[in-house]
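**Student:** Provided herewith is a single structure, encoded as structure tokens, for subsequent inquiry.
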Amino acid sequence: MKKFFVIFVVFCVCIFSLNAIDFGGLLTSNTEITNVDKSSFNLAQTTDAIFNLRIPFTNSGRSYFVAEAMYRNEMYHGSAHNYLDLPLFKANFLLDNITGNLNVSFGRYYLQDITGKIFSQSTDGVSLLYSSDVITSAVYAGYTGLINGNITDMVNPSDYKLDMDSVYNLSLPYVVVSTGLELPYLYMNQTLGFDFWSFIGTNDLDSTKIYVTLDFKGPIIASLFHTTSASILFDNSKANSVTGFLGSFNLNWFLSNLNTVLSAKINYASKDFTPVTANNFLVNGRYLNNMFATGIEASFKPKNNIYVLGDVLAVFKGDTADYYGTQLSGKVVWQVLSDVQLATFATWLNSNEDVAVTNFTVKAIMSF
Amino acid sequence: MAVERFMIKKCFIVLVILVLPVLVFSQQADKITDIIESDLFTCGQAAYICSTFLDENTESFSYEQAMNWVIEKNLLKTDKEFSMPITVAELSGLCMKTWNIPGGLFYKLTNSNRYAYKEMRALGFVSIFDDPSKNINGASALNVIYKCMELGR
């Protein structure tokens, strides 16, 4: 890691003479109190210090180099853990012509699949993105094995262990190949999207996961919008070959009063469906797997710098349709100043099968 | 004869009174045209617009006089001459002070052009792709200034 940072600094010094560097950073503090099954309270404190810089290559600034370095300190269960990460290290080049734009990016950066529920994390690779009025298409090739597994949560096989005491722990290694296509305003202002992602396990994984998604979104009437998607997973591993399904339907109603948005959501993940990135869907850490969840959400802005959100989710088991539990959550975000933000989150999960969880989080962010 | 001479004098004075404001305002209109057409918005031009907003008596100032005026009022932090191009960050700092835009925590603490630029970016007045050390053309600068005026109201 030391060598990597030295190379990074030398690279910056070389580039500095070419154009002005814009730099800055973020300090975040996340304090979480969790009560599991009405027993003891657990306190977790996470502090992040992030330094970022941006170097434009052209006058327009749309071809640039951008990087972010992060230090994290986590304290929970009476012990402290320190992590270092490089979540962003990317060069982007924009080539535009009459018909559209071509973005070429390489390095480490965040990307996600069309649903945002299967893969949404930083990874190392190269992408080509072409966008015009009639079509957006992208191809990507990358590798996940060099990112910090202690920062980025991936769905790991049970026998894949991470050393949580290590400052930097190499993550689950997959070769990632993807392609996507989006046709905006195809018919009646509806946008059709297609996504293909393959994750080829290296080392001892010997597993290949292929996700194919069809996505369909657009207005129904006036301020009522929908997003509908269906994903199929083909999972080949040494042990078995499975097929999984993920379906999602969102209805969003945008109202002008206080920037109110009312949403109804349905998500279904079959028993054999697993995402690649372990995004917590429920507060007890469960991601979308063997689950049917339906709920409503409401958000509004009582003032320009305050955002309030509340949602209720009813969860059932995906295979048997048995009732699993109900999750209630609320969030208030206050943009105190342009560079200071405070937020609180409260979530309560009452489950028939697992223990009840109550979580209260306070987050402060300051940028400089 | 004396009456005729008096009438001629009177007409001449009236004519001068009528034409003079046109000449004065046409000078100001010329300055604005100058600014709109300029490829590089200068420190003097920025100072002129801000000084005339704050004090109508400065409308007849030259760019150099306007520059000295804003420096005296601590509105502009720069070592440059009036004819040199102003950067996006310097323009942001000048606009923040001219229109009393509050700014974020670090702007309040440091009063620096860098954090003024970040505030302008947060407000959407300058693009996220803009380089703070970059020069700016007249039309784009007037666009930023107009948005600051609207916010300042």
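The values are calculated or read from the model by the stated rules, or taken from the named source; none is laboratory data. On a predicted model such as this, the values are computed, not experimentally measured, just so you know. All Cβ positions, glycine included, derive from the backbone under ideal geometry; neighbour counts span all protein chains shown. Remember, those area values only see protein heavy atoms, side chains included, never the ligands or the DNA or RNA. Shrake-Rupley method; radii C 1.70, N 1.55, O 1.52, S 1.80 Å.
**Student:** Calculate, for A:Asn169 and A:Lys271, the FRET efficiency according to 1/(1 + (r/R0)^6) with r their C-beta to C-beta distance and R0 41 Å; round to the nearest 0.05.
**Tutor:** Numbers: r = 30 Å, r/R0 = 0.72.
FRET efficiency, A:Asn169 to A:Lys271: 0.90.
**Student:** Then there is this: Let me confirm one metric for peptide B:96-107, namely the mean number of other chain beta-carbon atoms within 10 Å of its residues' beta-carbons.
**Tutor:** Counting Cβ atoms of other protein chains within 10 Å of each residue's Cβ and averaging gives 3.
**Student:** So, one more: For the range A:67-83, what does the Karplus curve 6.51 cos²θ - 1.76 cosθ + 1.60, with θ = phi - 60°, yield as ³J(HN,Hα) per residue in whole Hz, taken in order and with x for Gly and Pro?
**Tutor:** Once rounded to whole Hz, the list reads 9, 9, 10, 9, 10, 10, 10, 10, 10, 7, 6, x, 10, 10, 10, 10, 10.
**Student:** Under a cut-off of 14 Å between alpha-carbon atoms, report the aspartates and glutamates in cross-link reach of B:Lys134, not counting same-chain residues fewer than 8 places apart.
**Tutor:** A:Asp22, B:Asp39, B:Glu90
**Student:** What's the average, rounded to a whole number, of partner chain beta-carbon atoms within 10 Å of each residue's beta-carbon in A:286-297? All intermediate terms of the calculation are to be shown ahead of the outcome.
**Tutor:** Numbers: counts 0, 0, 0, 0, 0, 0, 0, 0, 0, 0, 0, 0.
Across A:286-297, the average partner-chain Cβ count within 10 Å equals 0.
**Student:** For the protein assembly as shown, what does -39500 (n - 2.57) per DSSP helix run (n ≥ 4), summed and divided by total residues, give at 222 nm, in deg cm²/dmol to the nearest 500?
**Tutor:** Working: 8 runs with 116 residues, N = 521.
One gets -7000 deg cm²/dmol as the mean residue ellipticity at 222 nm.
**Student:** Still on this structure: Using the 2.2 N^0.38 Å rule of thumb for compact globular proteins, work out how the range A:108-188 stacks up: its C-alpha Rg over that value, please. Don't skip to the end; give the middle numbers.
**Tutor:** Working: Rg = 15.8 Å, N = 81, 2.2 N^0.38 = 11.7 Å.
That works out to 1.35 for the range A:108-188.
**Student:** Starting from the Kirkwood radius over alpha-carbon pairs of the range A:198-353, derive D by Stokes-Einstein at 25 °C in a medium of 0.890 mPa s and give it in µm² s⁻¹. Numbers along the way, then the final one.
**Tutor:** On the way: Rh = 17.8 Å.
Rounded to a whole number, D works out at 138 µm²/s.
**Student:** Filter the DSSP H helices in chain B by two things, a Kyte-Doolittle mean of at least -1.0 and an axial alpha-carbon span of 20 angstrom or more, and list the hits by number. Numbers along the way, then the final one.
**Tutor:** Details: long enough: B:2-37 (51 Å, 1.21); B:138-152 (21 Å, 0.70).
Helices passing the filter in chain B: B:2-37, B:138-152.
**Student:** Where does the range A:219-308 land on Rg/Rh, using Cα atoms and the Kirkwood Rh? The partial results should precede the final answer.
**Tutor:** On the way: Rg = 16.9 Å, Rh = 15.3 Å.
Rg/Rh: 1.11.
**Student:** Relative to the present Cα-Cα distance, how much length would full extension add between A:Leu162 and A:Ala364 at 0.36 nm per residue of separation?
**Tutor:** Contour length minus Cα-Cα distance gives 69.9 nm.
**Student:** How big is the A/B interface in buried accessible area, both sides summed, 1.4 Å probe, to the nearest 100 Å²?
**Tutor:** On the way: alone 19550 and 9420 Å², together 27640 Å².
Looking at A and B, the buried total is near 1300 Å².
**Student:** Applying a 10 Å radius around every beta-carbon, put A:268-278, A:176-186 in order of their mean neighbour count, most first. The partial results should precede the final answer.
**Tutor:** On the way: A:268-278: 20.9, A:176-186: 16.5.
Most protected by this proxy first, the peptides run A:268-278, A:176-186.
**Student:** Same structure, new question: How large is Rg/Rh for the range A:101-254, to two decimals, with Cα atoms and a Kirkwood Rh? Write down the numbers at each step before the final one.
**Tutor:** On the way: Rg = 17.4 Å, Rh = 17.1 Å.
Dividing the radius of gyration by the Kirkwood radius yields 1.02.
**Student:** PRE reach from A:Glu32 (point 7 Å along Cα→Cβ): which of the range A:61-100 fall under 12 Å by backbone N?
**Tutor:** A:74-77
**Student:** So, in the range A:160-316, how many Lys pairs have Cα atoms under 24 Å apart, if the pair is 8 or more places apart or on different chains? Don't skip to the end; give the middle numbers.
**Tutor:** Details: A:Lys161/A:Lys209; A:Lys161/A:Lys238; A:Lys161/A:Lys271; A:Lys209/A:Lys238; A:Lys209/A:Lys271; A:Lys217/A:Lys265; A:Lys238/A:Lys271; A:Lys265/A:Lys301.
Lysine pairs meeting the criterion: 8.
**Student:** Going from most exposed to least, what order do A:Trp197, B:Trp69, A:Trp253 have by accessible area with a 1.4 Å probe? Could you put the intermediate results ahead of the total?
**Tutor:** Numbers: A:Trp197 10, B:Trp69 40, A:Trp253 120 Å².
So the residues, ranked largest to smallest area, are A:Trp253, B:Trp69, A:Trp197.
**Student:** While we're here: Sticking with the crude label model, points 7 Å out along Cα→Cβ, report the distance from A:Val332 to B:Ala29 in nm, one decimal please.
**Tutor:** Using points 7 Å along Cα→Cβ, the separation is 5.6 nm.
**Student:** Then there is this: Given Cα pairs under 8 Å that are at least 6 residues apart, what percent is the relative contact order of the range A:148-204? Kindly include the intermediate steps, with their values, before the conclusion.
**Tutor:** Numbers: 69 pairs, mean separation 17.3, N = 57.
Here the relative contact order equals 30 percent.
**Student:** Please report, in whole Å³, the volume per residue of the convex hull around the C-alpha atoms of the range A:315-368.
**Tutor:** Details: hull volume 5.0 nm³, N = 54.
Enclosed volume per residue, from the Cα hull, is 93 Å³.
**Student:** Place +1 on the Cβ of every Lys and Arg and -1 on the Cβ of every Asp and Glu in chain B, take the dipole about the Cα centre, and give the residue among B:Phe41, B:Val88, B:Gly152 whose Cα lies farthest towards its positive end.
**Tutor:** Among B:Phe41, B:Val88, B:Gly152, the one farthest towards the positive end of the dipole of chain B is B:Gly152.
**Student:** Right, another one. Work out the P(r) tail for chain B: percent of alpha carbon pairs separated by more than 26 Å, whole number.
**Tutor:** Summing the P(r) of chain B above 26 Å gives 32 percent of all pairs.
**Student:** Same structure, new question: With every protein chain present, what is the per residue accessible area of the protein assembly as shown (1.4 Å probe, Å²)? Walk me through the numbers on the way to the answer.
**Tutor:** Details: 27640 Å² over 521 residues.
Accessible area per residue, the protein assembly as shown: 53 Å².
**Student:** In addition: How much of the accessible area of the protein assembly as shown, probe 1.4 Å, is carbon plus sulfur, in whole percent?
**Tutor:** Numbers: 17220 of 27640 Å².
Exposed carbon and sulfur together represent 62 percent of the surface.
**Student:** Per the Cauchy relation, a quarter of the hull surface: what is the mean projected area of the convex hull of the alpha carbons in the range B:75-137, in nm²?
**Tutor:** On the way: hull surface 16.9 nm².
Its Cα hull, projected and averaged over all orientations, spans 4.2 nm².
**Student:** Want the number for A:Asn350 to A:Phe93: 0.36 nm per residue separation, take away the alpha-carbon distance, what's left? Can you show the working numbers first?
**Tutor:** Numbers: separation 257, 0.36 × 257 = 92.52 nm, distance 4.87 nm.
Computed gain between A:Asn350 and A:Phe93 is 87.6 nm.
**Student:** In addition: Between B:Ile86 and residues 5 or more places away or on another chain, which pairs have amide H atoms under 5 Å apart, with H built 1.01 Å from N, and which residues are they?
**Tutor:** The answer is B:Phe41, B:Thr42, B:Cys43, B:Ile136.
**Student:** Rounded to whole Å and sorted largest first, what semi-axes of the equivalent ellipsoid does the C-alpha gyration tensor of the protein assembly as shown yield via the square root of 5 times each eigenvalue? It would help to have the intermediate numbers written out before the result.
**Tutor:** Working: eigenvalues 603, 139, 125 Å².
Semi-axes, largest first: 55, 26, 25 Å.
**Student:** Now, a different point. Only Cα pairs within less than 10 Å get springs; with that Gaussian network setup on chain A, which residue of A:Ser263, A:Ser39, A:Ser132 has the largest fluctuation?
**Tutor:** A:Ser39
**Student:** Given +1 on the Cβ of Lys and Arg, -1 on the Cβ of Asp and Glu, and no further charges, what dipole in debye does chain A carry about its Cα centre, rounded to the nearest 20?
**Tutor:** On the way: 21 positive and 29 negative charges, 121 e Å.
For this selection, approximately 580 debye.
**Student:** Evaluate the distance, in nm, between pseudo-label points positioned 7 Å from the Cα of A:Leu102 and of B:Ser112 along their respective Cα→Cβ axes.
**Tutor:** Calculated label separation equals 4.0 nm.
**Student:** Taking every pair of alpha-carbon atoms in the range A:40-159, give the share separated by more than 17 Å as a whole percent.
**Tutor:** So the portion of pairs separated by more than 17 Å is 67 percent.
**Student:** What does the average come to when, for each residue of peptide B:42-55, you count the partner chain Cβ atoms lying within 10 Å of its Cβ?
**Tutor:** Per-residue shielding by partner chains comes out at 0.
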